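A short worksheet on the structure shown next.
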Amino acid sequence: MVHMRAVVQRVDGASVAVGGETVGEIVGEGLCVLIGVTHDDTPAKAAQLARKLWSVRILEGERSCSDSGAPLLVISQFTLYGDARKGRRPTWNAAAPGEVAEPLVNEVVAALRALGAQVETGRFGADMKVSLTNDGPFTVLVEV
């Protein structure tokens, strides 16, 4: 079974730009979160992912964003469901189409904000340039 997934990086600052304009930025300690949505994901899964992101203890001193008030930069990334096991070109069959994925990514962001999180975002479907300083480096895969 394929699940909603997030690649979560502990960062010391991160930003995302579209067309040379910064559209989302966090300064200092926080999380940069790349979210992939698949066909069977639901608003309930989005809420579950938000709770996990808010409470996962991967910041310095085994703290979570809820413990420290650290911000999150959330970016949609369908390529998390790329499958390159066959041939030389990945397939994207497991990735949900934009009309399914965008509302669910927005649901994760809304749920995080409802929990009290400071959340910055990228721009869905845009050609985004992401810059970050991975702190550690520390990167984990979270699936719900």
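The values are calculated or read from the model by the stated rules, or taken from the named source; none is laboratory data. Keep in mind the model is a prediction, meaning the values are calculated, not measured. We place every Cβ from the backbone using ideal geometry, glycine too, and count neighbours over all the protein chains shown.
Structure notes:
- Extreme residue, surrounded by the fewest Cβ atoms within 10 Å (Cβ to Cβ), among residues of the stretch 65-124 that are of a type in the set (Asp, Glu) and in a helix (DSSP H, G or I): Glu99
- Every condition in (1) more than 17 Å from Phe138 (Cβ to Cβ); (2) assigned to a strand (DSSP E or B); (3) of a type outside the set (Gly, Ala, Ser) is met by Asp41 except one, and the failing one is (2).
- Test: Val140 is modelled with pLDDT of 95 or more, of a type in the set (A, V, I, L, M) and not in a strand (DSSP E or B): no
- On inspection, Leu34 passes the criterion of being out of contact with any Asp or Glu (no Cβ under 9 Å at 6 or more places or on another chain), in a strand (DSSP E or B), of a type outside the set (Val, Ile, Thr) and within 19 Å of Thr133 (Cα to Cα).
- Among the residues of the stretch 1-42, the one identified as surrounded by fewer than 16 Cβ atoms within 10 Å (Cβ to Cβ), charged (D, E, K, R) and within 11 Å of Ala70 (Cβ to Cβ) is Asp12.
- When each of Lys86, Lys45, Lys52 is tested for being basic (Lys, Arg) and touching a strand residue (DSSP E or B) at 6+ places or on another chain (Cβ under 7 Å), the lone residue that passes is Lys52.
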